[in-house]
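Here's the structure we're looking at; comments come further down.
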Amino acid sequence: MPLLELQNIHTYYGGIHALKGLSIQVEAGEVVTLIGSNGAGKSTTLKTICGQTRARQGKVLFDGQDITAMKTHDIALAGIAHVPEGRRIFPKLTVRENLEMGAFSVTDKSVIDEGIERAFRFFPRLKERINQKGGTMSGGEQQMLAIARGLMMKPKILMLDEPSMGLAPILVEQIFEIVTELNREGMTILLVEQNANQALSVASRGYVIQTGEIILQDDARELLSNPQVREAYLA
Amino acid sequence: MLSMLPQVLVDGLTLGFMYAVVALGYTMVYGILEFINFAHGDLFMVGAFVGTEVLLTFEALGTLEGMNPFVAFFITLIVAMAITGALGVGIERVAYRPLRGAPRLVPLISAIGVSFLLQDLVRFSEAIYRNEFYLNSPQLFTGSLELGFATVPQKAIMVMVIAIVLMIVLTLFVNKTKWGIAMRAVAQDQSTASLMTINVDKVIMLTFLIGSSLGGATGVLFAQNYGTIDPYIGFILGLKAFTAAVLGGIGNLRGAMVGGVIIGLLESLSGAYMGPLTNGAFGAEYKDVFAFSILILVLLFKPEGLFGEAVKEKV
Ligand SMILES: Nc1ncnc2c1ncn2[C@@H]1O[C@H](COP(=O)(O)OP(=O)(O)OP(=O)(O)O)[C@@H](O)[C@H]1O
Ligand SMILES: [Mg+2]
């Protein structure tokens, strides 16, 4: 049984039919990427999973339970960390406070401290900025903080929405290295990207989404060499 | 004329600390919901009545006389805070939560309705219970401290001490505890906060619980300081506390505290000096004009207030 499964999801924004019968599966331990161009429905897919928008039809199953109608905070509690598009750092909280909020569900203080140490290992830059307000950090630092914050709850799956967006090439490289490293430690990852080339090179499988529908799904390596994908997303 | 200045400042500070604590309730709720809880002043009023009824009950039972006034005071304070806190949470649940997501004006109108409801409920129940709705609160602290240049009544010292303690506790809570930080997180970005497993509804309930109980506590302080209360004391005091919150920068806790003290001092100063300075053309009866002129000036020239940010980002 997959860890996360979307079955025939239809999501609307008012009259706009954003997801048209979408089905996706993520197995535990995988890195799966969802690629597609602007407005294809990538963010809507993640928002539907975590209950920020509601599917009008279809089911979201996670870790053996139906989470389709659950409240967002309960879905997160079930083990889904969503690092949203645009980072959404709490601008007036410090780096430490942002991390502590990521661990809101964790009651054991020592687990929180371990989590913060782990975040510093992945992102040493955050350590120097521990007392800085989130909103005053650079885009790259904010992205690191957003990922670190997502990891604080010890999720079963990490969903990243365009983590490379707006970052310098070196940082993009670093973010994808961290994705690989997290996965090596056993983290399941659903990675949404427009940067198809790099996303497919760290993922094991990929889905291509276009105007709310999955038009292709395959092993990442196959997709990388697929002429249709090459033309549309790797040009 | 200057010889009365110390006294005027003491009176102004006493008043200002009360505005400050009530202003916190307005600003906390606004910070999270961008909504002005118009009934907040009336929760203050309910606190004053609950506290006074507790003391009157002690008095009727004959236990008040033998009681340590501090013990009586703290029992009164706790009961008033518990009841107004619960009332605030209940009001949010039935009158505001169902309207979340409606146009801004709708919950505001609901709040005005709640405000009238509370006034009339208190008036009605006191009229039935006591045949009158003006109450005189038993006074627990009647002594005063002679400083030479000013006389500080004991009750004013209690007002200031309690107000300061409440503000310190709130500041520590909001800055140092997990739920306090969650409150700030929700104020900044609700939907992201819920991704962190934070139950936004619970945080909003907590905000109303704290804000309302602070208002209720101030009601007790007011009744002790001024002696007489009626069901309409929440209106003007609420408006002034709201002015204080706007002056400080609505949504900003420190701003509410500083704004409250400034409004209190200005009111006291203008009440004392406006008459003499204008040869009696404007007397103390115009002191309220000051608070509201400040409100208008702030809204015109510095709408973000003393501590607010120029541009409020809201995603
Ligand atoms: N809040 C909203 N209200 C109305 N329409 C929306 C809303 N959010 C998204 N949409 C529409 O739904 C469709 C899918 O949007 P979505 O944000 O999921 O795209 P995306 O694949 O994440 O794009 P991008 O790469 O630009 O982030 C788009 O047509 C978009 O205009
Ligand atoms: Mg998107």
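The values are calculated or read from the model by the stated rules, or taken from the named source; none is laboratory data. Keep in mind it's a predicted model, so treat the numbers as computed, not measured. Neighbour counts run over all protein chains shown; Cβ positions are idealised from the backbone, glycine included. Areas reflect the complete protein model, heavy atoms only, side chains present, ligands, DNA and RNA absent. Shrake-Rupley method; radii C 1.70, N 1.55, O 1.52, S 1.80 Å.
Assorted remarks:
- Tensor-based shape of chain B (alpha-carbon gyration tensor, a/c under 1.5 rounded, otherwise prolate or oblate): oblate
- With every protein chain in place, the protein assembly as shown: carbon and sulfur % of accessible area (1.4 Å): 60 percent
- When accessible surface is computed with a 1.4 Å probe, chains B and A are found to bury approximately 2100 Å² between them, both chains counted.
- Sequence ranges B:103-115, B:35-47, B:173-185, ranked by mean other-Cβ count within 10 angstrom, highest first: B:35-47, B:173-185, B:103-115
- The residues neighbouring A:SER138, those whose beta-carbon lies less than 12 Å from its own, together hold a net charge of +2 under the Lys/Arg +1, Asp/Glu -1 convention.
- Reduction of at least 40 Å² in accessible surface, 1.4 Å probe, comparing all protein chains with the chain by itself, residues of region A:65-114: A:HIS73, A:ARG88, A:PHE90, A:PRO91, A:LYS92, A:LEU93, A:GLU97, A:MET101, A:PHE104
- R0 of 25 Å, Cβ-Cβ distance A:LYS154-A:ASN131: FRET efficiency to nearest 0.05: 0.55
- The distance between label points at A:THR211 and B:MET67 comes to 7.5 nm (points 7 Å beyond Cα on the Cα→Cβ vector).
- Classified by the C-alpha gyration tensor, region B:231-287 has an oblate form. Its axis ratio a/c, with a ≥ b ≥ c, is 1.5 or above, and a/b does not exceed b/c.
- Dipole magnitude of the protein assembly as shown about its Cα centre (Cβ charges: Lys, Arg +1; Asp, Glu -1), debye to nearest 20: 380 debye
- Checking every one of the trypsin sites (Lys or Arg not before Pro) in region B:246-312 against DSSP loop status and a limit of 16 other Cβ atoms within 10 Å picks out B:LYS312.
- Residue-averaged 222 nm ellipticity for chain A, from DSSP H runs of 4+ at -39500 (n - 2.57), nearest 500: -11000 deg cm²/dmol
- Accessible area per residue in Å² at 1.4 Å probe, computed on region A:88-154: 41 Å²
- Convex hull volume of the protein assembly as shown per residue (C-alpha atoms, cubic angstrom): 187 Å³
- Span per principal axis, largest first, for the Cα atoms of region A:88-154 (Å): 30, 21, 17
- Take each residue in B:258-265, count the other chain C-beta atoms within 10 Å of its C-beta, and the mean is 0.
- The value obtained for chain A, namely the Cα convex hull volume divided by the number of residues, is 121 Å³ per residue.
- Looking at chain B, the accessible area is 44 square angstrom per residue; that uses a 1.4 Å probe and ignores ligands, DNA and RNA.
- If R0 equals 22 Å, the separation of the Cβ atoms of B:ASN136 and B:LEU239 corresponds to a calculated FRET efficiency of about 0.35.
- Straight Cα distances below 24 angstrom link B:LYS287 to the lysines B:LYS155, B:LYS240, B:LYS302, with same-chain residues fewer than 8 positions distant left out.
- Within the same chain, aspartates and glutamates fewer than 8 places from B:LYS202 are excluded, and of the rest, those with a Cα less than 16 Å from its Cα are A:ASP74, B:GLU92, B:ASP189.
- FRET efficiency for B:SER144 and B:ASP288, using Cβ-Cβ distance with R0 set to 30 Å, rounded to 0.05: 0.65
- Three-way shape label, region B:200-315, alpha-carbon gyration tensor, a/c 1.5: oblate
- Among A:PRO169, A:PRO84, A:PRO155: highest mean-square fluctuation, GNM of chain A, C-alpha pairs under 10 Å: A:PRO169
- Between B:MET4 and A:ASP219, the modelled label-to-label distance comes to 9.3 nm, taking each label 7 Å out from Cα in the direction of the beta carbon.
- Shielding by partners - mean other protein chain Cβ count within 10 Å, residues of B:194-207: 6
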